[in-house]
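Asks: Dropping a structure here in structure tokens format, bear with me for questions.
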């Protein structure tokens, strides 16, 4: 239960980053990192409550798939942004 | 449905978020943002279905409503931003992918029109809500009836039994509608809109790697959903949605997608679902005397066979909808490859 809450906190932090960070690249960074860890923690918390090993395996598989697709999507967005000419934010 | 305090809180937050999000989708002027919000909305609706104990519909909503429809919308907005030349004859010099500032990408202004539409829509929504709350108990309890007849249906999952046996007529017509949809899109032949090539220009190999990793995973997942549909939430539509998404990924990554390029196999694949379903339905007429009434001994096998071809057809239909144009016939002139495709990334 505590693990699930911790995971939810990570999601929250990631979304906060999405709203507050100054440009596409930092936002992508906060989203992917925080959400992946958050999902991992949620999966861990659920795994402790799960009924069978199969269910745990399925959840871990889902987590791995989210990791892979999230990373790819972030990469694609970043390269698209670079090509579209969005410049990296620099601290003035 | 659980009635714990946490469950109630979650449901209330969900129920309040949905109309607010819907309002934001309708009022935002940037179409791109509206599509993204629409995808999020689809996910929230899928969550609602889960809360209502309807995992089959939740699966279908997440895959089709949020996933594939979102992809189709993004495709459209991208084509609009690039200034769909061709039929309208409006040519724009190469635009970047960013749709900022393009009049074709914005919803036209009209505060009074929006308010005028909002009033009857809210009234309708309120009336529906009141009707649902006031609704008398139905005289026939359908759920119990389904449960009682379930052993005769041939499958153990009630939703599949209803879709593929008790109300198979409805499913047959739904598949027919899908076939009509792809026919309609093909007759529009929107190939000019995206410059003849859908694949993202081959930049880094990251997408390729992911698609290569995902292809076997998604095939197994789709097959599992199809097979498990007889005992658990799953079935032809969900499996077809997963495989259709795989098709879209293959097209987007530029990896070879031969089924979508070859004329005859694609057409056969699209039609086989509806065709086989219809044939089976009429064939059992000879055995049991009623269209679509399966003989009890062959129940399970017929349902499985029909679901199998349905999955193939649905997957091909969804992927073909994404490509939006029929495959080039051999006798046509080569497609508009001469024009420089305005790289979509």
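Asks: What residues from the stretch A:40-80 fall in the zone where the backbone N is under 17 Å from a label point 7 Å along the Cα-to-C-beta line of residue A:9?
Replies: Taking a point 7 Å out along Cα→Cβ of residue A:9, the residues of the stretch A:40-80 whose backbone N falls under 17 Å are A:40-46.
Asks: Then there is this: Counting other beta carbons within 10 Å of each residue's own, what order do B:221, B:282 fall into, fewest first?
Replies: Ascending Cβ contact count within 10 Å gives the list B:282, B:221.
Asks: Let me ask something else about it. Quick check: pseudo-label points 7 Å beyond the Cα along Cα→Cβ at residue B:29 and residue B:174, how many nm apart are they?
Replies: For residue B:29 paired with residue B:174, the spin-label model returns 4.0 nm.
Asks: Rank the residues B:300, B:169 as a footprinting-exposure proxy: fewest other Cβ atoms within 10 Å of their Cβ go first.
Replies: Arranged by neighbour count, lowest to highest, B:300, B:169 become B:169, B:300.
Asks: In which sequence would B:313, B:168 go, from the one with the fewest C-beta neighbours within 10 Å to the one with the most?
Replies: B:168, B:313
Asks: Mind running the shape call on the stretch B:20-81? Use the C-alpha gyration tensor, a ≥ b ≥ c as the square roots of the eigenvalues: rounded below 1.5 for a/c, prolate if a/b tops b/c, oblate otherwise.
Replies: Oblate, since a/c reaches 1.5 and b/c is not below a/b.
Bear in mind these aren't lab numbers, they're just calculated from the coordinates by the rules spelled out. Predicted model, so just to flag it, every value in this text is computed and none were measured. As a convention, Cβ positions derive from the backbone with ideal geometry for all residues, glycine included, and neighbour counts pool all protein chains shown.
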